[in-house]
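Read the structure below first, then the notes.
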Number of protein chains: 2
Amino acid sequence: MPDEAYRTDSPVEDIAVKLLDKGGLVVSTAESCTGGLLAGRIVNVPGASNVYKAGFITYSNKAKRRYLGVRKGTLKKYGAVSKQTAGEMVKGLVAETGADVGLATTGIAGPGGGSDEKPVGLVYIGCSVCGRVRVKKFVFDGDRMRVRESAVTAALDLMIKCVEEYYTENKSK
Amino acid sequence: MPDEAYRTDSPVEDIAVKLLDKGGLVVSTAESCTGGLLAGRIVNVPGASNVYKAGFITYSNKAKRRYLGVRKGTLKKYGAVSKQTAGEMVKGLVAETGADVGLATTGIAGPGGGSDEKPVGLVYIGCSVCGRVRVKKFVFDGDRMRVRESAVTAALDLMIKCVEEYYTENKSK
């Protein structure tokens with residue numbers, strides 16, 4: 001789990017905001033299952049206005065298509081909770097907002113909506129840093145609130161990892 | 001304070017979601033100072049997908065203009081934290097999303113950004129129910145997190161009040 005590598009005394013959102021600020025990077029968010037909690041955690045850090053651009057809560061498929069440009073065919077073929085949809089969400093998000101960094105979440109928070117193939121707790125998180133997109137799959141335990149809180153923390157952890165990699169690569173060039 | 005009138009054993013977001021669902025109403029959100037927490041509270045209610053349409057986190061003035069159609073002149077004359085901006089945010093939100101109900105927040109969560117005229121804790125909340133817009137001013141105590149949590153609860157309380165009024169009026173027609 002990526003969230004072990006960054007544990008310090010500071011909340012993960014503080015580390016994330018400081019890291020973005022260090023490189024002058026700006027982030028946008030697109031949230032389905034986390035429904036605003038990811039943005040809420042980022043914006044709770046004083047000074048977040050330096051690094052936070054804009055966010056969408058695209059709970060419905062229609063909103064995913066309208067604001068993020070997710071294709072109808074992708075939603076039909078792979079479903080809203082899929083690697084493909086998460087990837088299109090985050091790509092559409094950075095294209096729309098012009099942010100350096102994008103974070104997108106889509107998952108099944110429960111209690112309903114799960115299946116054998118896609119159980120409750122399944123979450124895909126997409127992260128884009130200056131054009132490089134990564135999508136990661138998670139399966140979280142617990143009730144609706146815990147799944148969503150875990151997804152928020154995992155999204156912030158993934159972003160920290162991707163941004164650190166980006167800084168390291170650019171430094172060595 | 002409006003939040004006293006609706007206290008029951010259920011969290012206010014449960015009451016809000018049930019109330020909307022009862023009348024088949026759908027809500028959208030536009031958040032500045034609450035930065036996603038309002039949507040997060042609504043979406044945490046199981047079954048929220050029946051009543052929640054889409055949301056914007058318009059932390060910057062640019063985002064308020066782009067996604068909600070807030071006028072440049074309004075932001076310049078009255079500021080982002082004003083009755084006028086809150087009103088334009090919620091009107092733009094329902095026009096954009098086609099939701100029956102809109103909720104918008106704009107305020108100063110602190111610790112910085114306050115002034116004598118506009119202190120930390122000042123929050124304007126706009127609510128639109130089927131075309132009728134109301135904007136309410138609040139001044140909340142406490143730190144950044146408490147101001148934002150109070151704003152979320154006040155927004156849900158205001159929405160409940162406005163929707164109940166709407167139901168009562170339509171019943172008697």
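The values are calculated or read from the model by the stated rules, or taken from the named source; none is laboratory data. Computed from a predicted model, the values in this text were never measured in an experiment. Glycine gets a Cβ as well: all are built from the backbone with ideal geometry, and neighbour counts include every protein chain shown. With ligands, DNA and RNA removed, areas are computed over all heavy atoms of the protein, side chains included. Shrake-Rupley method; radii C 1.70, N 1.55, O 1.52, S 1.80 Å.
Residue by residue through region A:137-161, note down the ones that are touching a residue at least 60 places away in the same chain (Cβ under 8 Å) and not small (Gly, Ala, Ser).
Answer for region A:137-161, where residues must be touching a residue at least 60 places away in the same chain (Cβ under 8 Å) and not small (Gly, Ala, Ser): A:Val147, A:Arg148, A:Glu149, A:Val152, A:Thr153, A:Leu156, A:Asp157, A:Leu158, A:Met159, A:Ile160, A:Lys161.
Looking only at residues in region A:119-173 that are crowded, with 19+ Cβ neighbours inside 10 Å and of a type in the set (Lys, Arg), the one that is farthest from B:Gly47 (Cα to Cα) is A:Arg148. So A:Leu25 clears everything in (1) open to solvent by less than 40 Å² (accessible area, probe 1.4 Å); (2) out of contact with any Phe, Trp or Tyr (no Cβ under 7 Å at 6 or more places or on another chain); (3) within 14 Å of another protein chain (Cβ to nearest Cβ); (4) part of a loop (DSSP other than H, G, I, E, B) except one condition, right? Which one? Failed condition: (3). Only one of the numbered conditions (1) more than 8 Å from every other protein chain (Cβ to nearest Cβ); (2) assigned to a helix (DSSP H, G or I) is violated by A:Gly40, and that is (1). Of the residues making up region A:46-91, those that are open to solvent by 10 Å² or more (accessible area, probe 1.4 Å), within 14 Å of another protein chain (Cβ to nearest Cβ) and either in contact (Cβ under 8 Å) with a residue 40 or more places away in the chain or assigned to a loop (DSSP other than H, G, I, E, B) (or both) number 7.
On inspection, A:Ala151 fails the criterion of being among the aliphatic types (A, V, I, L, M) and under 21 Å from A:Lys18 (Cβ atoms). The numbered conditions (1) in contact (Cβ under 8 Å) with a residue 24 or more places away in the chain; (2) closer than 26 Å to A:Tyr67 by Cβ; (3) in a helix (DSSP H, G or I) are all true for B:Gly126 except (3). Being open to solvent by 10 Å² or more (accessible area, probe 1.4 Å), under 15 Å from the mean Cα position of the chain (by Cα), of a type in the set (D, E, K, R) and within 14 Å of another protein chain (Cβ to nearest Cβ): is that true of A:Glu31 here? Here the answer is no, as A:Glu31 does not meet what is asked. One residue stands out among those in region A:34-45 that are crowded, with 24+ Cβ neighbours inside 10 Å and aliphatic (A, V, I, L, M): the one that is nearest to B:Gly47 (Cα to Cα), which is A:Leu37.
Consider region A:98-117 and keep the residues that are of a type outside the set (A, V, I, L, M) and modelled with pLDDT under 95. The one that is surrounded by the fewest Cβ atoms within 10 Å (Cβ to Cβ) is A:Asp116.
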